[in-house]
Amino acid sequence: MMPKLFRTLAFRLTLWYAGIFTVSSCVAFILFYFLVSRTILNRIDQDLLDKANGFSAVLSMKGVTGVKNLAVLEARAAGEKKIFFRLLYPNGQVFATSHMAYWKNLRVGEEAVKGLISGKKNVFETVALRPDSQRVRVLYHFSGPGVILQTGLSMETYSHFFVAFKRVFIVAMAVVVLLSALCGWFLSRKALAGVGAVTETASRISGSNLDARVPETGNQDELDYLAKTFNKMLDRIAGLVASIREMSDNIAHDLKSPITRIRGLAEITLVQGGDRQAFESMAASTIEESDRLLDMINTMLVISRADAGEGGFRFEPVDVSALVAEACDLFAPVAEDKGVGLECSVPGGAQVMADIGMLQRCLTNLMDNALKYTPARGRVWIEVDADPSDRVEIRVHDTGEGIGEEDRGRIFERFYRVDPSRSEAGAGLGLCLARVIARSHGGDVTVSSVVNGGSCFSISLPKGNLRVI
Ligand code: ADP
């Protein structure tokens, strides 16, 4: 089990920060090392070449004896442990040297001599005098016809630089690792402080308390954005919880009333000990109430399934004009009973792909409402509009009580009813079902209304819809 600290994001960010910083510093050090060591080596090589050119000039003027004397003098002047000179024949045989006590282990490089003979102008080598002693840079150079100069410089400066560099590197890297870890820890703690606030708020939220909100800094940065998004999500959840509560209250109310009625009727019939007719009437009322309940439960199921895209709709070409005309015939007696004028204006030929049963339910819900909420002597009329767009629109107009602006936004919710006393029969599911059906067909149901001036509910469906949502 890893300790808790090692699993925190702050710890992992610190590791990343320190790691990246250390690797970058290492790369910078290595580059610096190569640059400086290259410069020092070039400087040594240039010194050697200058000396070799001097020797070539003396050889041409004063001959081999002059060169021999120069070699001894130069080595003495620079320090016999710093530089040496050897003069060789092309077969590698040495014929003159400076004082070589310190350099006696240094051999003549056969490969280097071969390289010169094969045409190279200068050949450089880096060799160690003894194992683990400091290294020497050696130059082979043709000083004149048949005379090869082998000269070497101790790489003391180079070694000093290397030792100093190693020391600085170790100390600097220790400081870099420590500092970067501290900075990383500080920065990640600071950056994650906002996340902590979100976590803390989330832990304070429970089913009954959705009031807590994350403080917004207003900095417009990612954490502020996270806090805002989190708060918006909480607002939405609070809204949903409230509507679920309201819905369950409504369901309870709508279930309670018919059950109370059934129970009351049964009780009265039993207490009064009525005849066969009384029992038959009780059974008929029970069936009626039960049908209403079943209808409500079935509607709820249809809405839920269609909402989840599992409506099981069977799409086929439907003649909308015929469907509307049929519905008008069906509602004509109801309208007549209520004293409401019902008119249908249905041009032929409007077709859509639809589940005919569901489309019928959608339309009859709207027509039922129009007649229900329009008083006697009012008017209800249906229009079908198939032109000019690629949509077919069925509009159900009425001259009823109308719907206030506030309610218009909510009437499509499950169980929402404008009339708080629920005097008219209904469960508040009709419009919700109508909209869910229309949307499952790729269309929609919309409303426009004027209080006390009437309403117009419009089902809009795509003509060539073959899509099942
Ligand atoms: P209900 O079963 O109560 O009619 P609906 O979902 O069909 O449920 O309608 C929701 C509410 O919208 C109704 O309670 C009613 O107040 C209002 N409403 C629906 N249609 C109309 C209409 N044509 N005129 C006025 N109000 C309407």
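The values are calculated or read from the model by the stated rules, or taken from the named source; none is laboratory data. All figures in this text were calculated on a predicted structure; none of them were measured in a lab. Virtual Cβ from ideal backbone geometry, glycine too; neighbours counted across all protein chains shown. In case anyone asks, the SASA skips ligands and DNA or RNA and just uses the protein heavy atoms, side chains included. Shrake-Rupley method; radii C 1.70, N 1.55, O 1.52, S 1.80 Å.
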- Query: Under 5 Å between amide H atoms, partner at least 5 residues away or on a different chain: which partners does R391 have, H built in plane at 1.01 Å?
  - Reply: K463
- Task: Rounded to the nearest 10 degrees, what's the angle between the helix 9-78 long axis and the longest principal axis of the chain, both from Cα atoms, 0 to 90?
- Result: 20 degrees
- Query: Among V67, F29, F124, whose Cα lies farthest out toward the positive end of the dipole of region 2-164, if unit charges sit on the beta carbon of Lys, Arg (+1) and Asp, Glu (-1)?
  - Reply: F29
- Item | Cα-centre dipole for the chain with unit charges at Cβ (Lys and Arg positive, Asp and Glu negative), debye to 20 | 5500 debye
- Query: Relative to the present Cα-Cα distance, how much length would full extension add between D419 and A212 at 0.36 nm per residue of separation?
  - Reply: 71.1 nm
- Dipole axis of region 222-307 (+1 Lys, Arg; -1 Asp, Glu on Cβ), positive-most option in I244, I287, I259: I244
- Item | Crossing angle, helix 156-204 versus the chain [Cα axis fit, 0-90 degrees, rounded to tens] | 10 degrees
- Please work through the chain and write down the cysteines that have no neighbouring cysteine Cβ at a distance under 4.7 Å. C26, C183, C362, C432, C456
- Message: Need the full-extension length gain, A57 to V23, defined as separation in residues times 0.36 nm minus the C-alpha distance. One decimal, nm.
- Response: 7.1 nm
- Report, in debye and to the nearest 20, how large the dipole of region 222-307 comes out about its Cα centre when Lys and Arg carry +1 and Asp and Glu carry -1 on their Cβ. 160 debye
- 1/(1 + (r/R0)^6) with r = Cβ-Cβ of E343 and E406, R0 = 35 Å, i.e. FRET efficiency to nearest 0.05, evaluates to 0.70
- Query: Cα axis of helix 320-338 to longest principal axis of the chain: angle in degrees, 0 to 90, nearest 10?
  - Reply: 40 degrees
- Query: With the other protein chains left in place, how much accessible area per residue, in square angstrom, belongs to the chain at a 1.4 angstrom probe?
  - Reply: 59 Å²
- Plugging the Cβ-Cβ distance of E280 and K232 into 1/(1 + (r/R0)^6) at R0 = 51 Å yields, to the nearest 0.05, a FRET efficiency of 0.30
- Give the carbon-plus-sulfur fraction of the accessible surface of region 222-307 in %, rounded to a whole number; probe 1.4 Å, heavy atoms of protein chains only. 63 percent
- Under the definition of Cα pairs under 8 Å and six or more residues apart, what whole-number percent is the relative contact order of the chain? 10 percent
- Query: Say each of L49 and A376 gets a label point 7 Å from the Cα, pointing the same way as Cα to Cβ; how far apart are those two points in nm?
  - Reply: 12.1 nm
- Note on the structure: Within the under-15-Å Cβ sphere about G349, not counting G349, Lys/Arg +1 and Asp/Glu -1 give a net charge of -4
- Item | Carbon/sulfur fraction of accessible area - region 2-164, other protein chains in place, 1.4 Å, % | 63 percent
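Just subtract the alpha-carbon distance of K104 and L41 from 0.36 nm times their residue separation and send over the number in nm, one decimal.
20.3 nm
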